[in-house]
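Below you'll find the structure, written out as structure tokens, and then a few comments.
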Amino acid sequence: MADKATSSSSSPPEEVADETQDWILGAGSGWVEARTSCDHLNILSPDLLHLQTPDTPCSRCQNPVENWLCLCCKEVLCSRFVNRHMLMHHQQTGHCLALSYSDLSVWCFCCEAYLDAQIILQLRPIHQAAYILKFGEAPPLPQL
């Protein structure tokens, strides 16, 4: 028993060291690497420069927060953390691209991944328009 106490005080168990390394590298922080390409961009709405404002409520339940904009038909629906209307919309229509009005991230339901809206050229104008609506100014230039 004394040996275990001595060895545990001098160096952390291997599991703790692995968890610490994962935390340092971002695995435990919720960090997500956004994709820089997507095969589903061909279904974007042709008119995405005229967006509804970020305070637009969910069109089904009128929830005022955590809403997403469908980038295929421009309907505003609530997130999976509220009433899941955007997820249901995707399941019913196949519309797979959505912009979060909370953080302006873009999600592809088919790829099950976030998309880098500042790098993907087809998404950059949409991100810029949403940013201006939300913050009243143009977004900073992306760091490439």
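The values are calculated or read from the model by the stated rules, or taken from the named source; none is laboratory data. Values in this document were obtained by computation on a predicted structure and should not be read as measured data. Cβ placement follows ideal geometry from the backbone for every residue including glycine, while neighbour counts extend to all protein chains displayed.
Taking the condition of being surrounded by fewer than 16 Cβ atoms within 10 Å (Cβ to Cβ) and under 16 Å from Leu133 (Cβ atoms), how many residues in region 45-55 meet it? Show your work before the answer.
So in region 45-55, the residues surrounded by fewer than 16 Cβ atoms within 10 Å (Cβ to Cβ) come out as 46-47, 49-50, 53, 55.
Add one more test, that the residue is under 16 Å from Leu133 (Cβ atoms), and what stays is 47, 49-50, 53, 55.
Matching residues across region 45-55 total 5.
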Looking only at residues in region 10-43 that are in a loop (DSSP other than H, G, I, E, B), among the aliphatic types (A, V, I, L, M) and more than 19 Å from Leu87 (Cβ to Cβ), which one is modelled with the highest pLDDT?
Ala34
So for region 34-43 (the condition being farther than 16 Å from Leu133 by Cα and in contact with a helix residue (DSSP H, G or I) (Cβ under 9 Å, 6 or more places away or on another chain)), does at least one residue qualify?
no
